[in-house]
Amino acid sequence: MIFIKDSLRAAVEAASGGTVTVLYTAKGQPTYMHIIPRFNLQDIDPALGTGTHPAFIVNGVEKSELFIGQHAGCLRDGELLSLPGVDCVTSIDFDQSLNYAAACGQGHHLMTHAEQAAVSLWCWKNGFMPRGNTAYGRSSDATFETGRRADKKSPGDTSGSARTLTGSGPVSWRHNNNPNGIADLCGNVWEWRGGLRLMDGEIQVLANNNAADSKNSQTKASSAWRAISASTGELIAPGSAGTLKYDASAAGTTTDHGAPVLSDAVSNRNGDAGSDEHTPGHTAEAFEKITSKAGLIVPSIAKALSLFPLDASHGGDVLYVRNYGERLALSGGGWGDGASAGVFALSLRNARSNWNTNIGARPAFVL
């Protein structure tokens, strides 16, 4: 059904120069997708390694392109769709997000962290960090930039739920500073991302972009989760010695427990196991200020997956970490997060069961 050439799809492709298309779900509903062509790691930066970026490898097969939801997802008839000019779905947990995305049919999935990393690194390479709804309907960095609030209140009004309608902001809120770009990756709502989690501080992923295949389980007990060797960058069994972890042993000025550190051990467990998702006990720092344990040579895969910064020009986007229990990935930031929000902003502090009015999800697709 994705190849049906109807008037809507033809019009969208013509208007975008072929960079945006309309796919059709299992129930025949349209969903707007931006096409990201495959690229190599070394074309972004030699520090990332060589070969195809992991986001374009699914179950060992290289993909020529990714289809990323041009808009944050909305829920229609049990399917997670990318549609312009609507209020995005919120208050859904991680597993619900997976299921609503997969319900669209084969190839459809919840946008993964590997895909987010690919888009973020593309933005970094092209020298443009998109702004977004980071100040209650307007950009904290350029307050004259506004979107249409779903609650119909004025931009900047701190009351209400200040989500903006999908794609209603200016082109600077798109990943490529162009009307055909992916909208609202910075701010508006935090979005669940598949294929990445912390387990008691240990960074765990599904290999490459295997999280794009909904048949690969992302349950808490799934055997698909792999840890990353701090010495080689290879994917190894969770709980093995010397795996990459987020620690909080360094001093920090913006956090409860010190700035996050990439390490091969966890020496400071943030908070206690009795803390819930809305209490202190997390650590946070601007992404570009994340450091590594003395003597640790950061493997290139950590940089390719945007788990460690390439340099000091990532816009102040913040990494949040809780290093006890299972913590799933959220990206982008919310409508009130100011400069902390952005394409590199990553939260690893929430359990898979967490939900909130500032948490949503975005669909994606691979052939």
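Determine the relative contact order of the chain: mean sequence separation of Cα pairs under 8 Å and six or more apart, normalised by residue count, in whole percent.
21
Could you give the size of the charge dipole of the chain about its Cα centre, using +1 on the Cβ of each K and R and -1 on the Cβ of each D and E, expressed in debye and rounded to the nearest 20? Intermediate results must be reported in sequence, preceding the final value.
Numbers: 30 positive and 34 negative charges, 97 e Å.
With Lys and Arg at +1 and Asp and Glu at -1, about 460 debye.
Which of 82, 347, 154 moves most in a GNM of the chain, Cα contacts under 10 Å?
Ranking 82, 347, 154 by mean-square fluctuation puts 154 first.
Once the dipole of the chain is set up with Lys and Arg at +1 and Asp and Glu at -1 on Cβ about the Cα centre, which of 313, 204, 331 lies farthest towards its positive end?
Toward the positive end, the furthest listed residue is 331.
State, as an integer percentage, the relative contact order of region 7-82 based on alpha-carbon contacts under 8 Å between residues 6 or more apart. Mind showing how you got there, number by number?
On the way: 107 pairs, mean separation 18.7, N = 76.
Averaging sequence separation for qualifying contacts and normalising by length gives 25 percent for region 7-82.
Any idea which of 301, 71, 92 is furthest toward the positive side of the dipole for the chain, if Lys and Arg beta-carbons carry +1 and Asp and Glu beta-carbons -1?
71
Residue 43: accessible area at probe 1.4 Å, nearest 10 Å²?
Here the accessible area works out near 90 Å².
Can you tell me the length gained on complete extension of the stretch residue 64 to residue 99, counting 0.36 nm per residue apart and subtracting the Cα distance?
10.1 nm
Of the residues 81, 296, 48, which exhibits the maximal mean-square fluctuation in a Gaussian network model of the chain defined by a 10 Å Cα contact cut-off?
Looking only at 81, 296, 48, the biggest GNM fluctuation is shown by 296.
The values are calculated or read from the model by the stated rules, or taken from the named source; none is laboratory data. As the structure is a computational prediction, the values presented were derived from the model and not from experiment. Note: ideal-geometry Cβ built from the backbone for every residue, glycine included; neighbour counts use all protein chains shown. When the accessible area is computed, the model is the full protein with side chains, heavy atoms only, and any ligands, DNA or RNA have been set aside. Shrake-Rupley method; radii C 1.70, N 1.55, O 1.52, S 1.80 Å.
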